[in-house]
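The values are calculated or read from the model by the stated rules, or taken from the named source; none is laboratory data. Being a predicted model, the structure only gives us computed values, none of them experimental. Heads up, the Cβs are rebuilt from the backbone with ideal geometry, glycines too, and the neighbour counts pull from every protein chain shown.
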Amino acid sequence: MVENVIYPAYLDSECSRTDGRRVPESLAVPDPTVDEIAKAVGQVGYDAVIERDKSYSRESWRERGRVLVENADDAGKSDLLQAVGAYVTALRE
């Protein structure tokens with residue numbers, strides 16, 4: 001089983017690439033939550049587990065949690081993040 005981790009900073013439009021954003025600005029949203037990310041992961045077709053007591057190493061001062069994506073054997077991390085980013089953007093519209 002492959003398990004991918006998605007931190008909110010990966011999809012945060014307020015973060016630069018240096019700060020940890022891993023999707024293009026067109027797919028990023030301001031201040032994404034782990035709940036939105038988990039819902040988007042479900043829409044993409046994978047199982048998601050939310051861990052709220054974790055923080056991204058580049059944001060050690062900010063505990064926003066993370067989402068574990070289970071059974072993502074066939075998805076590359078970049079493709080997964082872009083799909084999740086697109087769904088989070090659509091959820092906000």
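For region 19-57, filtering for residues that are farther than 17 Å from Lys77 by Cβ and of a type outside the set (A, V, I, L, M) leaves 16. Within region 42-74, the set of residues being hydrophobic (A, V, I, L, M, F, W, C) and under 14 Å from the mean Cα position of the chain (by Cα) comprises Val44, Ala48, Val49, Ile50, Val67, Leu68, Val69, Ala72.
In the set Val67, Val34, Val49, only one residue is farther than 10 Å from Tyr7 by Cα and either at pLDDT below 95 or not acidic (Asp, Glu) (or both); that residue is Val49.
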